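Chemist: Can you keep this structure in mind? I'll have questions shortly.
The values are calculated or read from the model by the stated rules, or taken from the named source; none is laboratory data. Nothing here was measured: the structure is a model prediction, and the numbers come from that model. Neighbour counts run over all protein chains shown; Cβ positions are idealised from the backbone, glycine included.
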């Protein structure tokens, strides 16, 4: 019998594919769909043990002897807590147990419903990771994708590095034993690596899979790495490879495209299909570009997504992950590139992307040549004049997004707090970074982000090499552009979202001992940039004043240009 609870069927199939051959189950009502799902997998042997405490130790013994992950399934309530002694033992022994607990839907927790406790993270001190799959009466594609990702992540985590237990909590609604239909074959995420470089045999296997495929490489944020840049320069020379490297990727290569939003944002429907990759390879941190994310979700790679780099979770940003390569990016691309070159692939994929990129950049240059004074015009001048030796810090909001459009050549290094993407602490981060770098450090910030962190200017160790550009455009400019707030009534948007801080930057600069200059047009900018990048015995603030309405309109028209 197959249960109608899709999340249970997905769990059973994915765990089976990852090598689970034993499941120790304890009888219960809420976990009935889980038992039925595991029972439907012929590859998995079910062992029934009524006492959950004993069941957990029996599963521990099975996993000890077999060195394979063993599933442990219980019902809701105190049943899960009875697993704790054996789970703790498994954690400190390094034994892979996959604990699967049935639970009531979240809305019924703490509502005096029978057999309900706070189960999610109940074992958090003794498992490598805790997961929670929410209840869904009518599962949609997003819920099914989430359940699949959780199952893959849990299996990989249980055996990665030092093995250990993981806990998957599954919320289930009644009725519990209604039959269902067979789901499509589940996507299984493979995991390889674990060292600084993949083996030659593994590289050859992956190269054989990829040599006749169109490969799009997408690089997110990371610190500068000369070995990685060298490896990527060589990898980019392959005819079936194109690289989209974001501003924050800090790749110093004369290949691919760094103005990713300019290029991907200009593609029409036909071009998106023509440039659709067979394989996407990602590395680095989270992407800034919503254009890249939207493109690869709407036009997913035909043969899968490979995520490269050491990580502690399965990152499936495009909903198409098939391979996690747990190794250094530089070692991976060096070895895979060598294996691919020996096969001499033939393709026009790199040239197709390069042609589209040239067209987008030509359109970009024509548009900016005649654009009136605005945020994008002012920042074009800034990025065109940045010296190669500067360290660039970007605040969250519009500055980091403008960099995605305007930066054509990377400076010494580019940083932004994109791990969480908050506006708090951007100035303080730049202040700290300026003390650790001998050259100039430039922070580009919006006025709202800058007002949030003014206390950073009081940092006593600030060097004279710190430079700050503040885009004084009457508050959070991003809210005048993104769809969720741009369409709100003007007064509502400006009061509650843009929240003009009304900074008097001259007085602020004087109070903290900074030099100050203001630019209000293109002529001012030429003089201001020479001043900002010149010698000084104190840190400097350049205030760029623009019209909020003109800036929003200029950016909107930029993405509608042809």
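Chemist: Given the conditions (1) in contact with a strand residue (DSSP E or B) (Cβ under 8 Å, 6 or more places away or on another chain); (2) part of a loop (DSSP other than H, G, I, E, B), which single one is not true for residue 114?
Modeler: Failing condition for residue 114: (1).
Chemist: Another question, if that's okay. Quick one: in segment 358-381, of everything that is in contact with a helix residue (DSSP H, G or I) (Cβ under 8 Å, 6 or more places away or on another chain) and in a loop (DSSP other than H, G, I, E, B), which residue is nearest to residue 469 (Cα to Cα)?
Modeler: 374
Chemist: Now for a separate question. Within segment 339-357, identify whether any single residue is over 30 Å from residue 205 (Cα atoms), part of a helix (DSSP H, G or I) and in contact with a helix residue (DSSP H, G or I) (Cβ under 9 Å, 6 or more places away or on another chain), and answer yes or no.
Modeler: Yes: one or more hits.
Chemist: Applying the selection to segment 199-216, what residues are exposed (fewer than 13 other Cβ atoms within 10 Å of the Cβ) and either free of Cβ contacts under 8 Å to residues at least 24 places away in the same chain or not in a loop (DSSP other than H, G, I, E, B) (or both)?
Modeler: 200, 201, 208
Chemist: Is it true that residue 87 is without any contact (Cβ under 8 Å) to a residue 60 or more places away in the chain and either assigned by TED's automatic domain parsing to the domain that holds residue 159 or crowded, with 23+ Cβ neighbours inside 10 Å (or both)?
Modeler: No, not satisfied.
Chemist: Right, residue 120: in a loop (DSSP other than H, G, I, E, B), buried (at least 17 other Cβ atoms within 10 Å of the Cβ) and out of contact with any helix residue (DSSP H, G or I) (no Cβ under 8 Å at 6 or more places or on another chain) or not?
Modeler: Spelling it out, residue 120 is indeed in a loop (DSSP other than H, G, I, E, B), buried (at least 17 other Cβ atoms within 10 Å of the Cβ) and out of contact with any helix residue (DSSP H, G or I) (no Cβ under 8 Å at 6 or more places or on another chain).
Chemist: Now for a separate question. Conditions first: (1) in contact with a strand residue (DSSP E or B) (Cβ under 8 Å, 6 or more places away or on another chain); (2) under 23 Å from residue 338 (Cα atoms); (3) part of a loop (DSSP other than H, G, I, E, B). Residue 196 passes all but one, so which condition is the exception?
Modeler: Answer for residue 196: the failing condition is (1).
Chemist: May I ask you to verify whether residue 405 is over 25 Å from residue 287 (Cβ atoms) and in contact (Cβ under 8 Å) with a residue 60 or more places away in the chain?
Modeler: For residue 405, the condition - over 25 Å from residue 287 (Cβ atoms) and in contact (Cβ under 8 Å) with a residue 60 or more places away in the chain - is not met.
Chemist: Related question: List the helices (runs of 4 or more DSSP H) that sit entirely inside segment 217-315 and contain at least 1 residues that are closer than 25 Å to residue 197 by Cα, modelled with pLDDT of 95 or more and not assigned by TED's automatic domain parsing to the domain that holds residue 131.
Modeler: The helices (runs of 4 or more DSSP H) meeting that bar are 226-235.
Chemist: Being part of a helix (DSSP H, G or I) and more than 17 Å from residue 538 (Cβ to Cβ) is the filter here, so list the residues in segment 430-453 that pass it.
Modeler: The answer is 432, 433, 447, 448, 449, 450, 451, 452.
Chemist: Within segment 94-110, identify whether any single residue is assigned to a helix (DSSP H, G or I) and within 19 Å of residue 126 (Cα to Cα), and answer yes or no.
Modeler: The answer is no; no qualifying residue exists.
Chemist: Can you tell me how many residues within segment 14-34 are surrounded by 24 or more Cβ atoms within 10 Å (Cβ to Cβ) and in a helix (DSSP H, G or I)?
Modeler: 3
Chemist: Any residue in segment 175-197 that is on the phi < 0 side of the Ramachandran plot sitting within a Cβ distance under 9 Å of a residue that is at pLDDT below 75 and loosely packed, with under 14 Cβ neighbours inside 10 Å? List the pairs, counting only those 6 or more apart or interchain.
Modeler: As it stands, the answer is 177/1; 179/1; 180/1, since those pairs meet every condition given.
Chemist: Right, next: For the structure I just gave you, tell me whether residue 174 is surrounded by 15 or more Cβ atoms within 10 Å (Cβ to Cβ) and not in a strand (DSSP E or B).
Modeler: So residue 174 fails the test.
Chemist: Here's a follow-up. Consider segment 265-289. How many of its residues are surrounded by fewer than 16 Cβ atoms within 10 Å (Cβ to Cβ) and either touching a strand residue (DSSP E or B) at 6+ places or on another chain (Cβ under 8 Å) or under 21 Å from residue 223 (Cα atoms) (or both)?
Modeler: So the answer is 1.
Chemist: Turning to a different aspect of this structure: Are any residues in segment 50-79 in contact with a strand residue (DSSP E or B) (Cβ under 7 Å, 6 or more places away or on another chain), in a loop (DSSP other than H, G, I, E, B) and modelled with pLDDT under 95, and if so, which ones?
Modeler: 75, 76, listed by residue number.
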